[in-house]
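These notes are about the structure you will find just below.
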Amino acid sequence: MSTTLHGTIKPGFEAVGEAFLANFADGFEVGASVSVVHRGETVVDIWAGHTDLDRTTEWQRDTITNVWSSTKTMMFLVLLELADKGALSLHDPVRAHWPEFAANGKESVTVAHLMAHTAGLPGWDRPMQPSDFYDHDLCASALAAQAPWWEPGTASGYHAISQGYLIGELVRRVTGVSLGTYFRTTFAEPLGADFHIGTPAECDARISNVIPPAPLALGGADPGSIPVRTFGNPVIDAAQSWETGWRRCESAAANGHGNARSLALLQSIVSHGGEAGGRRFLGAAGVERLFEVQAEGTDLVLGMPAKFGMGYGLNSENVPISPNPRACLWGGWGGSLVVNDLDAQMTFAYVMNRMGAGTVGDLRSAGPLMATYAAIG
């Protein structure tokens with residue numbers, strides 16, 4: 001069955017659309033979107049496929065879906081902006097803003113540690129149920145009370161879900177409002193970007209439920225290991241994202257809903273030195289802070305090499321996302337991806353509903369991304 005491409009492509013970028021459609025050729029891809037902002041212009045804004053596995057309803061221009069950890073890029077944007085305007089320092093001890101957090105040997109844990117997954121809090125010590133994610137106070141206070149699982153600052157260990165409650169509570173203490181509210185009023189609404197951390201009911205009819213991958217394989221692993229403690233308490237089922245409770249809550253590391261257009265528009269603030277849509281959101285020097293390397297080596301949770309700046313993954317020989325040095329990225333469970341390239345003034349975003357097996361993305365975005373770089377030279 002042939003797939004129809006919808007949207008707009010600037011002349012010279014046709015190969016991006018061709019690479020995108022190629023993802024549908026083997027029948028795995030169901031519905032997806034790609035967007036590219038280059039030098040202040042949206043040069044690619046395309047979508048194709050369907051919102052459901054039975055392929056009964058076409059993906060529309062305003063279809064949105066849960067992008068999982070690509071949401072984290074919005075949290076990082078919030079903290080970079082708060083630091084840029086002096087509301088906090090990225091090297092502040094967290095306890096300066098959240099006194100209870102100092103419990104159990106965390107007095108020296110900094111904001112940067114939370115951003116770069118080096119705080120030693122990738123999961124919870126207390127038994128957790130999936131529905132506990134809907135209770136921000138419970139999740140945040142439990143993390144504040146527990147001891148780190150390794151010496152903070154010495155290594156990264158991917159804070160897959162917990163990072164949202166850690167940074168979410170920090171932002172609430174600093175601004176007086178929830179992270180989702182601050183993000184919405186500071187970034188999404190001014191840009192008219194259709195991205196939500198805490199998705200309102202009026203968006204429900206436009207949401208394409210993710211199509212879950214096979215469950216994470218934890219059987220046979222050491223139950224006391226850091227990866228099992230992180231991903232096994234609770235075991236996360238992607239189908240939880242279909243629940244109203246998940247959509248409405250602010251699990252800010254994982255439950256953002258949007259599409260490639262809104263991801264690329266918002267993150268183009270980073271690739272364009274703090275500006276987007278004719279508006280300045282933070283200074284260029286504030287954006288550059290993201291390139292301060294916080295951790296480099298084998299991640300204790302992911303078991304793979306990682307290089308983290310202030311939140312974002314950085315371009316490296318292990319993850320060569322760009323020919324340019326000043327590039328950063330992050331991806332979401334199942335395949336979504338955001339790449340910001342400050343040297344090229346380019347942001348690329350890929351969003352889909354059918355999830356692959358990758359915890360922080362998969363290779364479906366590689367073809368359109370490579371075609372984008374070929375087009376911009």
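Bear in mind these aren't lab numbers, they're just calculated from the coordinates by the rules spelled out. Bear in mind the structure is a predicted one, so any value in this text is a computation, not a measurement. Here the Cβ positions follow ideal geometry from the backbone for every residue, glycine too, while neighbour counts run over all protein chains shown.
Here K106, K307, K10, K85 are placed in order of increasing Cβ neighbour count within 10 Å, fewest first, which gives K85, K10, K307, K106.
A cut-off of 5 Å between modelled amide H atoms, ignoring neighbours fewer than 5 places along the same chain, links G356 with G334, G335.
For segment 43-52, 3J(HN,Hα) computed residue by residue from phi via the Karplus equation (6.51, -1.76, 1.60; θ = phi - 60°) reads 9, 9, 8, 10, 8, 6, x, 9, 8, 9 Hz, glycine and proline entered as x. For the chain, the longest principal axis of the Cα atoms and the long axis of helix 136-145 meet at an angle of about 50 degrees. In the chain, the longest principal axis of the Cα atoms and the axis of helix 366-376 are about 70 degrees apart.
For the chain, the longest piece that avoids every one of the GluC sites (Glu not before Pro) found in DSSP loops with at most 15 other C-beta atoms within 10 Å covers 108-242. Converting phi to 3J(HN,Hα) with the Karplus coefficients 6.51, -1.76 and 1.60 and the offset θ = phi - 60°, segment 168-173 yields x, 5, 4, 5, 5, 5 Hz in sequence order, with x at every glycine or proline. Listed by chain and number, the lysines placed with their C-alpha closer than 28 angstrom to that of K85 are K72, K106, K307; residues fewer than eight positions away on the same chain are left out.
If we count other beta carbons within 10 Å of each Cβ, what is the order of C328, C203, fewest first?
On the way: C328 28, C203 15.
The order, fewest Cβ neighbours first, is C203, C328.
Given an 8 Å cut-off on Cα distances and at least 6 residues of separation, report the relative contact order of the chain as a percent. Walk me through the numbers before you get to the answer.
Values: 846 pairs, mean separation 92.8, N = 377.
It rounds to 25 percent for the chain.
Along its first, second and third principal axes, ordered by size, the chain spans 57, 45, 41 Å in Cα coordinates.
For the pair segment 74-102 and segment 1-55, the centres of their Cα atoms are 37 angstrom apart. Couplings 3J(HN,Hα) of segment 3-19, computed from phi: 10, 8, 8, 10, x, 10, 9, 5, x, x, 10, 4, 5, 5, x, 5, 5 Hz, in residue order, whole Hz [Karplus 6.51 cos²θ - 1.76 cosθ + 1.60, θ = phi - 60°; x for Gly and Pro]. Note on the chain: helix-only mean residue ellipticity at 222 nm, from DSSP H runs of 4+ residues weighted -39500 (n - 2.57) and normalised by residue number, equals -7000 deg cm²/dmol. By the count of other C-beta atoms within 10 Å, a proxy for reagent exposure, Y158, Y165, Y350 are ordered fewest to most as Y158, Y165, Y350. Taken over the alpha carbons of segment 266-377 as equal point scatterers, the Debye sum produces base-10 log I(q)/I(0) values at 0.16, 0.18 Å⁻¹ of -0.75, -0.95. For segment 6-376, the Cβ-based charge dipole about the Cα centre amounts to some 440 debye (Lys, Arg positive; Asp, Glu negative; other atoms uncharged).
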